[in-house]
Amino acid sequence: MSAIRTAKLQLRKSMHQRLLQLSAADLSAQSQQIQAHLLSHPAFQRAQHISIYLSMDSGEAQTYGLVDQALAAGKSVYVPRCRGQQMDMVRITNLLGLKRNTWGIPEPSDTEPAVDPGTLDFILVPGVAFDAAGNRCGHGKGYYDRYLKQSVNAVTCAICLDEQIVDNVPTTDHDFKPQILVTPQGILHQQTV
């Protein structure tokens, strides 16, 4: 196993332990601050076709409020659907009727059509840990690293809790770096978008 892969595994494990300590009240407060910063960002406001991952119940910034706000603003919202090693995005008009997958995350059924990745103009990317340079350590399955190669026109943005910020995220050439990184304090990292 490579040194970088080992370092990522250790980072995921330590981050998991750190995030277990986060109270529901802290998670909610930080998520609301992140949502306010993201909703006011010009790239989000301009976007019409937005992919938003649906968050796990704990351990990451909550995204259900973002989905509701984007839908209320008249934006087309798409959420991930994972099958085997592949991920696609499916348009939703509300959060009702989604079934939980093996990770406990709601997702659309297999019968719903996937959107062409080129349609998306804003993609919210999940992650386990981030650094001030915008480097991201994902959950380790590579779904977003593979999908984002197809979505070359979209602005990419990650959101993270204060506890998810580390000094240095180990990366390789295959790791995807989001253009914008939003924390409860505001924009931590931004490339020209």
Can you tell me the accessible area per residue over the range 36-121, all protein chains present, probe 1.4 angstrom, in square angstrom?
49 Å²
For the A114, L39 Cβ pair and Förster radius 30 Å, calculated FRET efficiency rounded to 0.05 is 0.70
Among the trypsin sites (Lys or Arg not before Pro) within the range 118-193, which fall in a DSSP loop and have no more than 13 other Cβ atoms within 10 Å of their own Cβ?
K141, K149
Take the Cα atoms of the chain, find their three principal axes, and give me the spread along each one in whole Å, biggest first.
41, 34, 33
Against the 2.2 N^0.38 Å scaling, with N counting residues, where does the range 86-193 land? I'd like the Cα-based Rg ratio to two decimal places.
1.12
For a label point 7 Å along the Cα-to-beta-carbon line of N153, residues of the range 103-123 with backbone N under 16 Å:
115-123
Pairs of Cα atoms under 8 Å, at least six residues apart: use those to get the relative contact order of the range 1-110, whole percent.
20 percent
Kindly rank 104-110, 128-134 from highest to lowest mean number of other beta carbons found within 10 Å of each residue.
128-134, 104-110
Need the full-extension length gain, T172 to Q48, defined as separation in residues times 0.36 nm minus the C-alpha distance. One decimal, nm.
41.5 nm
How high is the relative contact order of the chain, in percent, counting Cα pairs under 8 Å that sit 6 or more residues apart?
23 percent
Long-range share for the range 1-61, i.e. C-alpha pairs more than 14 Å apart as a percent of all pairs, stands at 70 percent
Rank-order 85-91, 15-21 by packing density, defined as the average count of other C-beta atoms within 10 Å over each peptide's residues, highest first.
85-91, 15-21
Excluding residues fewer than 8 positions from K13 in its own chain, the lysines with Cα under 28 Å of it are K99, K141, K149, K177
Carbon plus sulfur, as percent of the 1.4 Å-probe accessible area of the chain, comes to 50 percent
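What is the gain in length, in nm to one decimal, between H139 and R91 on full extension, counting 0.36 nm per residue of separation less the C-alpha to C-alpha distance?
15.0 nm
The values are calculated or read from the model by the stated rules, or taken from the named source; none is laboratory data. For clarity, every value in this text was computed on a predicted model and none was experimentally measured. Positions of Cβ are generated from backbone atoms using ideal geometry, with glycine treated the same way; all protein chains shown enter the neighbour counts. Quick note on the areas: whole protein, heavy atoms, side chains included, nothing else; ligands and nucleic acids left out. Shrake-Rupley method; radii C 1.70, N 1.55, O 1.52, S 1.80 Å.
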